[in-house]
1. Which of the pairs Lys8/Lys31; Lys8/Lys94; Lys8/Lys175; Lys55/Lys84; Lys15/Lys84; Lys8/Lys55 have their Cα atoms more than 32 Å apart in this structure?
2. Run the simple label-point estimate for Gln42 and His110 please: 7 Å along Cα→C-beta, distance reported in nm.
3. Using θ = phi - 60° and the Karplus relation 6.51 cos²θ - 1.76 cosθ + 1.60, list the HN-Hα couplings for segment 142-148 in order, rounded to whole Hz, with x at every Gly or Pro.
4. Under the 0.36 nm per residue contour assumption, what length would be gained going from the current alpha-carbon distance of Ala130 and Ser6 to full extension?
5. Exposed loop sites here are trypsin sites (Lys or Arg not before Pro) in DSSP loop states with at most 16 other C-beta atoms within 10 Å. What is the longest stretch of the chain lacking them?
6. Could you check the spin-label model distance between Ala52 and Asn121? Points 7 Å from the Cα along Cα→Cβ, value in nm.
7. Just how large is the dipole of the chain about the Cα centre, in debye to the nearest 20, putting +1 at every Lys and Arg Cβ and -1 at every Asp and Glu Cβ?
8. Charges at C-beta only: +1 for Lys and Arg, -1 for Asp and Glu. How large is the resulting dipole of segment 10-89 about its Cα centre, in Debye rounded to 20?
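Just so it is clear, none of the values below were taken in a lab; they were calculated from the coordinates. Keep in mind it's a predicted model, so treat the numbers as computed, not measured. Reconstructed Cβ throughout: ideal geometry from the backbone, glycine too, with neighbour counts over all protein chains shown.
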Amino acid sequence: MRFFLSEKIEGIYTKLTGSENHHLIHVYRAKPGMEVELFNAQGELYLARVIACQKEQTNLQIINTMQEKPHWPFQITLAQGVFKSQHWDLLLEKCMELGLYRLIPMTTQHIAAGNLTAGRNERWQKVMIAAAKQCKRTSLIQIDSVQSFEQMLASTKQIPLRVLAHTGPELPSFKKILDCISPMPPEILAIVGPEGGFSQTEIELAIAHNIQLFSLGPYVLRAETAAWAVISSLNFYLQA
């Protein structure tokens, strides 16, 4: 059983409140002496023992600090064109499972109609926490403020390898792009468009900023599918 703490632990005592406390008490029927795992946004993982259960909070004592599974030796940042909220939730869930380090929500010229990122901050954290519990990950994805395509290019210029998924039979495959990179840098930026893809102006701007374009194959993928394909491919390739 793993539960999320909104604050950094100080000392040997802490407490669960809100929905996490409700889940512990009403779903797991917590009783004094029960042991649970706790994690926070800093990626810290603890083993704790329940001391007292109350309606508003559960008091716990830290038993010891637990060792998180080793992180990937590289960091993947995804710059993703925003799209409808329900699909964005799914994107976050799967990116948590795939070990994404950082996410830059991005506005582009082609944005699908609909409610794009309603109530995003609180909702996004809830989705990531639920995914973290399922996949046994302690750290949450670092999510930047929403940026324009141009702002994203400027804010990521320090990342040594920047690639952009696009369509077109003349583009090289992702594997061909990665095969030409040696040594592979520890940080990579993958840029994926919204449901409408990138405009020609944005593609020309990316090329002017030395972004490498690649194709994910002959089919037009949904935005979230393209993101998963890129991150999964990087995980597979970089572990080889």
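1. Those over the limit are Lys8/Lys175; Lys55/Lys84; Lys15/Lys84.
2. 4.4 nm
3. So the Karplus estimates, Gly and Pro as x, are 7, 10, 6, 5, 4, 10, 6 Hz.
4. Length difference between fully extended and current span is 43.3 nm.
5. Counting only loop sites that pass the neighbour cut-off, the longest clear stretch is 56-135.
6. 3.3 nm
7. Dipole size: approximately 640 debye.
8. 240 debye
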